[in-house]
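S.K.: Quick one: this structure, given as structure tokens, is what I'll be asking you about.
Read-outs: derived from the displayed coordinates by stated rules, not from any lab. Because the structure is a prediction, the values reported are computed rather than measured. For neighbour counting, all protein chains shown are included, and Cβ atoms are generated from backbone atoms with ideal geometry for every residue, glycine included.
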Amino acid sequence: MHRQMNIVILTGAGISAESGVPVFRGPDGLWEGHRVEDVATPEAFEANPELVHRFYNQRRAKLLDPAIQPNAAHLALARLEKESAAHVLLITQNIDDLHERAGSENLLHLHGELLKSRCTTCGNVAPLLAETSTSSKCQACGNIGTLRPHIVWFGEMPFHLEEISSALRAADWFVSIGTSGNVYPAAGFVSLASHAGARTLELNLDPSQTSDSFQESRLGPATQLVPAWVNEILG
Ligand code: APR
């Protein structure tokens with residue numbers, strides 16, 4: 001009997017670009033008007049928590065705009081998980097919820113989630129649709145001013161690394177979609193998967209920093225490349 005094939009997929013900002021969520025490192029990148037160090041580090045939150053709350057409140061409001069919807073690439077990956085005989089694990093660097101809305105279930109958010117808060121006192125993680133500020137109250141412990149975005153900032157440890165490392169060691173396919181390969185550890189996943197013998201494929205608009213590490217690299221918009229690749233896999 002054949003063992004089940006393992007497909008591990010990594011996504012980045014590029015998969016959500018055609019849904020209207022701006023990428024990080026483009027001309028109209030998300031950081032426009034802010035230096036990354038001013039909004040996405042623990043030091044920034046310590047120095048100016050109101051600014052950091054405001055920055056994420058704006059991003060959350062934008063994500064909740066009804067115009068922002070999963071696109072054909074998100075939907076194709078959800079379909080792959082449902083219809084393929086393979087075991088499909090989706091790892092996303094994105095903090096949006098477009099993979100969930102498209103129907104993906106076996107999904108890990110490496111860099112956290114925009115629609116969740118975390119209490120710095122009791123550690124409670126809670127769904128979050130409203131705005132937060134330095135006077136928000138933790139629903140679990142009742143403390144005021146202890147909520148922060150449930151986001152992995154620069155200098156913090158990404159989530160789920162042990163599970164991801166085991167999955168990469170067992171991967172038959174590693175596919176990276178819409179990521180520039182600038183941020184580690186995600187940028188190193190292709191090497192781990194390659195060493196484990198996986199077939200590696202990159203689907204991206206432009207060549208990434210790590211394109212040379214992939215056996216195959218296809219250039220184009222995710223809404224075209226991803227459904228086409230999923231159709232190939234599903235035969
Ligand atoms: N289809 C496919 N790829 C696209 C598309 C598209 N429509 N539009 C843009 N891209 C590609 C770009 O060519 C680029 O290589 O997506 C990539 C986006 O790169 P970044 O903006 O650097 O985003 P990402 O790689 O996800 O960033 C990684 O950096 O700031 C941190 O934590 C943040 O998770 C983020 C991490």
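S.K.: What FRET efficiency comes out for Glu131 versus His2 if R0 is 41 angstrom and r is the Cβ-Cβ distance? Round to the nearest 0.05.
M.R.: 0.20
S.K.: Return the calculated 222 nm mean residue ellipticity for the chain, to the nearest 500 deg cm²/dmol, obtained by summing -39500 (n - 2.57) across DSSP H runs with n ≥ 4 and dividing by the residue count.
M.R.: Result for the chain, helices only: -8500 deg cm²/dmol.
S.K.: Roughly what angle does helix 49-63 make with the longest principal axis of the chain, taking Cα atoms, 0 to 90 degrees, to the nearest 10?
M.R.: That helix lies at roughly 50 degrees to the long axis.
S.K.: Counting other Cβ atoms within 10 Å, which GluC sites (Glu not before Pro) in segment 139-235 have at most 15 and lie in a DSSP loop?
M.R.: Glu156
S.K.: Could I ask something else about it? Please report, largest first and rounded to whole Å, the three semi-axes of the ellipsoid equivalent to segment 37-158, where each semi-axis is the square root of five times an eigenvalue of the C-alpha gyration tensor.
M.R.: With the √(5λ) rule applied to segment 37-158, the semi-axes are 29, 15, 14 Å.
S.K.: To continue, here is another question. Taking 0.36 nm per residue of sequence separation and subtracting the Cα-Cα distance, how much length would be gained by fully extending the chain between Asp38 and Thr120, in nm to one decimal?
M.R.: Extra length available between Asp38 and Thr120 comes to 27.6 nm.
S.K.: Based on other C-beta atoms within 10 Å, arrange His87, His111 from fewest to most.
M.R.: Ascending number of Cβ neighbours within 10 Å: His87, His111.
S.K.: Treating only the Cβ atoms of Lys and Arg (+1) and Asp and Glu (-1) as charged, compute the dipole magnitude of the chain about its Cα centre; round to the nearest 20 debye.
M.R.: Its charge dipole is roughly 360 debye.
S.K.: I've got another one for you. Need the C-alpha centroid separation for segment 83-115 versus segment 152-213, integer Å.
M.R.: So the separation of the two Cα centres works out to 15 Å.
S.K.: A follow-up question, please. Extension gain Lys82-Ile233, at 0.36 nm per residue separation less the Cα-Cα distance, in nm?
M.R.: 53.1 nm
S.K.: Assuming 0.36 nm per residue, please report the length gained on full extension of the stretch Glu163 to Arg25 beyond their Cα-Cα distance.
M.R.: 46.9 nm
S.K.: Name the aspartates and glutamates eligible as straight-distance cross-link partners of Lys82: C-alpha to C-alpha under 12 Å, and not fewer than 8 places from it in the same chain.
M.R.: The reachable aspartates and glutamates, counting only those whose Cα sits under 12 Å from Lys82, are Glu105.
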